[in-house]
Amino acid sequence: MKKSLILLFLTFTFFSYQEILTAQTSKVSTQAELQEAIFNAKAGSEIVMKNGVWNDIQIKFYGEGTKENPIILRAETAGKVTIEGVSNLRIGGKYLVVKDLHFKNGHTPTKSVIQFKINNDSLANYSRITNCVIDEFTQPNREDTDHWVELWGRHNQLDHCNIVGKSNFGPTVRVFLNGNENVYNYHQIVFNHFGPRPRKGGPHGETLQIGDSYTSMTPSYTNVSNNFFDKCNGEVEIISNKSNFNEYRNNIFFESEGSLVLRHGNYCTIDGNVFIGNDNSEFIGGIRVINTGHWITNNYFYKIRGNEFRSALAVMNGIPKSPLNRYNQVTDVVVAYNTYIDCKSPFQFGVGTNIDKKDVLPASEIRSARPERMLLANNLVFNHEEDQYPVVNYDDVGGVTFKNNYLNSENKSDVSNDGIRTSAFEVKKISKDLYVPTKNQEDVYHGFDFETIKTDLFGADRQKQNSVGAITLPITGNPLLIQKELYGTKWFSTEASNYKPKTIAVSSAKSLVSKLKSAHSGDILTLNSGVYKINATLIIDKNVTIISSDKGKKAELRFATGVTGFEMHPKGVLNLENLSLKGDKTQDAIVTLDKNMSKAFNLFIKNTEISKFKSVIKAYKASFADTIAIDNSSIKDCLTGILLNTEIDAKGDYNAEFVFITNSTFDQVQSSVLNYYRGGYDESCIGGNLVLKNNTFTNCGKADESGLLIQNHGIVNVDFSDNTFKDNPVKEIAVLWGEKGQKPVNNTMSNSGEIRIEQNLKQKLMY
């Protein structure tokens, strides 16, 4: 009898518990049901969104959970609830958890996709976004600014999320410190996969920004740890630190064209991070230092080939009595126990010094305050190919102390003392991109508070076995620098598809139009020889190649009066090869959309003839090309050439990142052959790249009012070499920017004006 009563009691208890769980779990399938469930939620409630597409939904998730019993909003199945259209999510309250949602195919109607506040009276605290994805949820107009995640309040967490493909203005993730309720926030940004973030062609493309200029002296205590920054190329600042007491630990920066930048704020810890570059890019950076009291320890740098702002360690000059939004002097910074493998001139000091620009800049912009009381100690530099200039000093480095830094190449830098030692040590490769010394360099410098540097890059105890550099021996196992499975969600991947491109035969204009429309990204359209009379604009919204099937006989695309040739759409990639394009001077050959160019396009023209067009390439404002490449081609009898000049607001933006014009001829182009423009005094982006090499220009430019044949105002990186200019009725061929090292090389000029070098270019201040 007693056993029966106990069994009855346990059965009653079990079913009662099940009823409580059922009562606390609400499965919703409509916006109205979701809203009602949120309104009725209590501590311990779980709201489950039914699998499927939730379109045009603006979620306000609020409530008061507890640490033991948070309120949870989740997908029925992780990744199977997609938030699409004009949608966003705001959360306010305490102990709220959102997980498993996928934002795609849309954009936010406000300034954020996910915001840790509903309004100023309803902030989120002790709340969490986890296992979610934001995938190309970007504004139609890339000039519109938003943030994909905004952290407000205190003690919030963003973890195990994938945040991919932001191409419009604004940092991907931003931490706000406006008001006492947002400082001392102790946010956790951990185990996320950020990127790829494409090149943006101007400033305001950070992946992560903590604070801003005007709250930069406030304490944040944000922790950014164990994240994977994957090809985050938005601008020179991958992370922009703009507050005090933040920590950056154990993050991977993989082939990201920028740096971790201590832009404002003081007393940050940068420990145990990995920076991986490659042999192909000079824009991949490391750590840039500004302000006071930072400790930079145990970091590993591999193949960082960037210079100045993008060097492995870039230490800036400051502005005396700097306003909050400019550059404070570097003081009391420690850089210790870091390893640099195959990095070009890893230590660069006085970066940004611009005393020589006092004639074109106001005194408030002159960076003349040198680093003071800075210590570089116990760092290891190894290069497989000798680098005799490990230190670059753009200004005096008397305020920097060097102690027990070891390198394997002879040091011929201007900075040379007993603290920079050459030693014949060796390294061995133990995993991809990871090289470690074959033995410890035990002659370490014991500086003030160095006992607080307790472990190395892999967590080994420095008190038991210490060594110069980020890594001490022995290393247990076979450590990997990158383990992608640690970051982001388990159900989302940015890996390319395995689609095998098809080759599609085309024999008529009608066939070209229809097959282009139905082609899959990556397909190749081969045109039989002959004339194709095109009466409708060809839309390029995918990666497609159009090529003549017979290399000896170019197929001719002849466009009807007033019909634009090709119209580039977001993510369009057009490869033209071995073709002839002809107009009648009433149409443009290749143009972008005039609005809603949300993502970059690419254009590759090879062995192609382009003649009798109003313009060859025309980019509208807010459009952006990652790459435009013209090779071994002929452009003839056109009214204008390549127009990349619509970003005229002087805010640092421009219409193309890379422009390659090589081995080609330009004949009788009446106006601008090339107008490639970047305005505004800004150093937060690559700044444009022009390669103009081995081309011939004849009888061009007579109708251009500027008197310039090649216009490249404000473009930072220019290779101007081996070109021939003949009978071009212009005053000047080009004006090159001397400060950026631009100079003409092996060009031949006849009756075509001059190439002028202007040392310091006058530009409008942006700030």
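Values as computed for the structure displayed
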| item | result |
| --- | --- |
| Test: Lys599 is touching a residue at least 24 places away in the same chain (Cβ under 8 Å), part of a loop (DSSP other than H, G, I, E, B) and in contact with a Pro (Cβ under 8 Å, 6 or more places away or on another chain) | yes |
| Enumeration of residues in the stretch 298-316 that are within 19 Å of Ser240 (Cα to Cα) and either of a type in the set (Asp, Glu) or surrounded by fewer than 24 Cβ atoms within 10 Å (Cβ to Cβ) (or both) | Asn307, Glu308, Phe309 |
| Count of the stretch 483-506 residues which are buried (at least 17 other Cβ atoms within 10 Å of the Cβ) and under 31 Å from the mean Cα position of the chain (by Cα) | 4 |
| Those residues of the stretch 50-84 which are among the small types (Gly, Ala, Ser) and surrounded by 14 or more Cβ atoms within 10 Å (Cβ to Cβ), in sequence order | Gly63, Gly65, Ala75, Ala78, Gly79 |
| Filtered residues of the stretch 640-657 (kept if open to solvent by 10 Å² or more (accessible area, probe 1.4 Å), aliphatic (A, V, I, L, M) and touching a residue at least 60 places away in the same chain (Cβ under 8 Å)) | Ala650 |
| Criterion: farther than 20 Å from Ser368 by Cα, in a loop (DSSP other than H, G, I, E, B) and aromatic (Phe, Trp, Tyr) - qualifying residue of Phe301, Phe283 | Phe283 |
| Lone unmet requirement of (1) open to solvent by 40 Å² or more (accessible area, probe 1.4 Å); (2) at positive phi; (3) not charged (D, E, K, R) for Thr145 | (2) |
| The stretch 740-764 - residue that is open to solvent by 60 Å² or more (accessible area, probe 1.4 Å) and over 23 Å from Thr696 (Cα atoms) and, of those, nearest to the chain's Cα centre (by Cα) | Lys740 |
| Selection from the stretch 269-290 of residues that are within 14 Å of Ile239 (Cα to Cα) and touching an Asp or Glu at 6+ places or on another chain (Cβ under 7 Å) | Thr269, Ile284 |
| Contacts under 6 angstrom Cβ, first residue in the stretch 749-761 being on the phi > 0 side of the Ramachandran plot, partner in a strand (DSSP E or B) and open to solvent by less than 90 Å² (accessible area, probe 1.4 Å), 6 or more apart | Gly753/Glu732; Gly753/Ile733 |
| Residues that are out of contact with any strand residue (DSSP E or B) (no Cβ under 7 Å at 6 or more places or on another chain) and of a type in the set (Val, Ile, Thr), drawn from the stretch 363-408 | Ile366 |
| Residue in the stretch 118-127 that is over 25 Å from Ser240 (Cα atoms) and buried (at least 23 other Cβ atoms within 10 Å of the Cβ) present | no |
| Conditions (1) open to solvent by less than 10 Å² (accessible area, probe 1.4 Å); (2) touching a residue at least 40 places away in the same chain (Cβ under 8 Å); (3) not polar (S, T, N, Q); number of the one not met by Ile733 | (2) |
| Close pairs from the stretch 521-535: first on the phi < 0 side of the Ramachandran plot, partner surrounded by fewer than 15 Cβ atoms within 10 Å (Cβ to Cβ) and basic (Lys, Arg), Cβ under 6 Å, at least 6 apart | Asp523/Lys502; Ser529/Lys553 |
| Val315 within 23 Å of Met217 (Cα to Cα), assigned to a strand (DSSP E or B), touching a Pro at 6+ places or on another chain (Cβ under 7 Å) and at pLDDT 95 or above | yes |
| Inter-residue pairs, beta-carbon under 9 Å, first under 11 Å from Leu525 (Cβ atoms) and in the stretch 496-508, second open to solvent by less than 90 Å² (accessible area, probe 1.4 Å) and of a type in the set (D, E, K, R), 6+ apart | Pro501/Asp523; Lys502/Asp523; Thr503/Asp523; Ile504/Lys515; Ile504/Asp523; Ala505/Lys515; Val506/Lys515 |
| So Val335, is it on the phi < 0 side of the Ramachandran plot, buried (at least 21 other Cβ atoms within 10 Å of the Cβ), outside any loop (DSSP other than H, G, I, E, B) and under 23 Å from the mean Cα position of the chain (by Cα) | no |
| Residue list for the stretch 410-420, filter: surrounded by 15 or more Cβ atoms within 10 Å (Cβ to Cβ), part of a loop (DSSP other than H, G, I, E, B) and either in contact (Cβ under 8 Å) with a residue 24 or more places away in the chain or of a type in the set (A, V, I, L, M) (or both) | Ser413, Val415, Gly419 |
| Members of the stretch 120-157 that are closer than 18 Å to Asn223 by Cα, outside any loop (DSSP other than H, G, I, E, B) and touching an Asp or Glu at 6+ places or on another chain (Cβ under 8 Å) | Arg128, Ile129, Thr130, Arg154 |
| Residue count, the stretch 676-719 (criterion: of a type in the set (Lys, Arg) and not in a loop (DSSP other than H, G, I, E, B)) | 1 |
| Residue count for the stretch 338-359, restricted to those that are open to solvent by less than 40 Å² (accessible area, probe 1.4 Å) and assigned to a loop (DSSP other than H, G, I, E, B) | 8 |
| Strands (runs of 3 or more DSSP E) wholly inside the stretch 529-589 that include at least 1 residues being surrounded by fewer than 20 Cβ atoms within 10 Å (Cβ to Cβ) and under 31 Å from the mean Cα position of the chain (by Cα) | 538-540, 543-548, 566-568, 573-577 |
| Unique residue being within 21 Å of Gly165 (Cα to Cα) and touching a Lys or Arg at 6+ places or on another chain (Cβ under 9 Å) when the list is Gly211, Gly202 | Gly202 |
| Filter pass, Tyr676 being within 28 Å of Gly170 (Cβ to Cβ), at pLDDT 95 or above, of a type in the set (Ser, Thr, Tyr) and within 32 Å of the chain's Cα centre (by Cα) | yes |
| Residues being touching a strand residue (DSSP E or B) at 6+ places or on another chain (Cβ under 6 Å), open to solvent by less than 10 Å² (accessible area, probe 1.4 Å) and not hydroxyl-bearing (Ser, Thr, Tyr) - total across the stretch 247-267 | 8 |
| Number of the exception - Gly234 against (1) touching a strand residue (DSSP E or B) at 6+ places or on another chain (Cβ under 9 Å); (2) open to solvent by 10 Å² or more (accessible area, probe 1.4 Å) | (2) |
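Per-residue answers, yes or no, for (1) open to solvent by less than 10 Å² (accessible area, probe 1.4 Å); (2) more than 18 Å from Val334 (Cβ to Cβ); (3) not aromatic (Phe, Trp, Tyr):
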site: Arg370; (1), (2), (3): no, no, yes
site: Asn378; (1), (2), (3): yes, no, yes
site: Val381; (1), (2), (3): yes, no, yes
site: Glu386; (1), (2), (3): no, yes, yes
site: Val391; (1), (2), (3): yes, no, yes
site: Gly399; (1), (2), (3): no, no, yes
site: Asn408; (1), (2), (3): no, yes, yes
site: Thr422; (1), (2), (3): no, yes, yes
site: Val427; (1), (2), (3): no, yes, yes
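The values are calculated or read from the model by the stated rules, or taken from the named source; none is laboratory data. Source: prediction; values computed, not measured. Counting neighbours? That spans all protein chains shown, and the Cβs are built from the backbone with ideal geometry, glycine included. Heavy atoms of the whole protein, side chains included, go into the accessibility calculation; ligands, DNA and RNA do not. Shrake-Rupley method; radii C 1.70, N 1.55, O 1.52, S 1.80 Å.
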